[in-house]
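Below is one structure, written out as structure tokens; comments come after it.
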Amino acid sequence: MTSDSRPARPQTILTVQETEWINPHTVRLIAGGPGYAAFQDKDATDKYVKIYFTRPELGLEPPYDMAALREVLPPEDLPTTRTYTVRWSDPAAQRLAIDFVVHGNEGLAGPWAVSATPGDRLVFGDPGGQYAPDPAAERHLFVGDDSAVPAIAAALEALPADAQGDVLLEVDGPEDCISLVKPEGLRVQWLYRDGAVPGTQPLLPEAVSRLEWQAEGTQIFAHGERGAMKSLRSIFKERGVTRDQLSLSAYWALGRDELRFQAEKREPVGVIAPV
Ligand SMILES: Cc1cc2nc3c(=O)[nH]c(=O)nc-3n(C[C@H](O)[C@H](O)[C@H](O)COP(=O)(O)OP(=O)(O)OC[C@H]3O[C@@H](n4cnc5c(N)ncnc54)[C@H](O)[C@@H]3O)c2cc1C
């Protein structure tokens with residue numbers, strides 16, 4: 001129990017086992033170990049976890065009792081979290097993989113993933129996530145930037161062999177295209193920023209506008225930078241997409257760290273109105 005008598009939120013404590021660059025802007029960490037037994041796996045293909053980051057000089061040991069720590073530490077010393085998709089989990093091997101986009105020196109999670117080595121600790125809370133591709137959908141539309149590639153790749157792997165649809169993915173350039181395991185009926189378009197700052201180009205909304213597709217019968221999964229998601233939401237609304245067809249949310253926002261980005265969901269700038 002935490003010090004204020006609320007049950008502590010369960011945390012999974014793993015050890016990094018392998019690191020691998022899957023393209024020039026994404027590093028995959030594979031983590032596992034005995035702590036995997038605490039992982040409450042989910043069927044959702046977009047399952048995600050909130051990873052804890054602490055200041056090494058404080059020597060905090062997991063599981064982190066946030067209520068107790070709030071009583072003794074100033075806010076800037078508290079553990080903080082970043083949200084990441086579980087790209088795959090393997091209960092038999094007691095391992096899972098997370099793909100981290102590396103977006104320069106800014107931030108906590110990106111730089112940490114670059115320097116992570118086997119033996120490092122990975123601590124996170126219980127997974128969230130709700131989406132899974134509907135095997136009965138006539139068509140699928142997947143739209144996302146680098147941050148959503150892991151969730152989209154996992155969804156493609158879960159589609160039935162006769163699934164149809166389109167996949168629009170924004171990355172920096174051709175060297176970032178990874179191979180995707182998918183049914184033949186899914187057409188993939190990679191859209192290149194060509195060195196532009198991520199989150200500044202309307203590549204995804206423009207590609208969706210150009211695409212020939214009809215809303216009826218299409219299940220949509222669209223995630224990535226907030227500005228692009230707002231534009232997409234308007235397009236989907238114009239096309240008559242209904243809420244039950246759509247999984248759409250921002251995964252990050254240009255110029256905001258995750259705490260600010262999450263806090264802004266309660267402010268007008270951060271709201272992506274439902275269709
Ligand atoms: C449900 C969910 C699932 C997600 N899954 C993944 C995933 O599998 N892999 C993944 O890499 N990200 C994923 N994200 C996005 C990730 O949580 C954010 O990118 C997060 O801000 C990264 O933390 P950070 O500490 O590196 O940077 P922060 O400290 O949060 O931000 C520092 C700066 O970097 C910028 N920034 C943040 N992310 C990016 C980016 N992707 N590209 C360019 N600039 C950026 C911010 O705007 C800010 O200016 C997911 C987010 C959600 C909500």
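The values are calculated or read from the model by the stated rules, or taken from the named source; none is laboratory data. Every value quoted in this text rests on a predicted model; they were computed, and no experiment measured them. Reconstructed Cβ throughout: ideal geometry from the backbone, glycine too, with neighbour counts over all protein chains shown.
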Set Glu238, Glu225, Glu264, Glu258: member being under 26 Å from Glu138 (Cα atoms), not assigned by TED's automatic domain parsing to the domain that holds Asp46 and not hydroxyl-bearing (Ser, Thr, Tyr): Glu238
Hits in segment 1-40 (condition: at pLDDT 95 or above, over 14 Å from Ile98 (Cβ atoms) and surrounded by 14 or more Cβ atoms within 10 Å (Cβ to Cβ)): Gln11, Ile13, Asn23, His25, Gly33, Gly35
Residue in segment 123-181 that is farthest from Leu204 (Cα to Cα), counting only those that are crowded, with 23+ Cβ neighbours inside 10 Å and of a type in the set (D, E, K, R): Asp146
Conditions (1) away from the ligand (no atom under 16 Å from the Cβ); (2) outside the structural domain of Lys47 (by TED's automatic domain parsing): number failed by Leu73: (2)
Residue count for segment 227-275, restricted to those that are among the acidic types (Asp, Glu) and free of Cβ contacts under 8 Å to residues at least 24 places away in the same chain: 4
Residues that are surrounded by 14 or more Cβ atoms within 10 Å (Cβ to Cβ) and under 15 Å from Leu108 (Cβ atoms), drawn from segment 65-87: Asp77, Leu78, Pro79, Thr80, Thr81, Arg82, Thr83, Tyr84
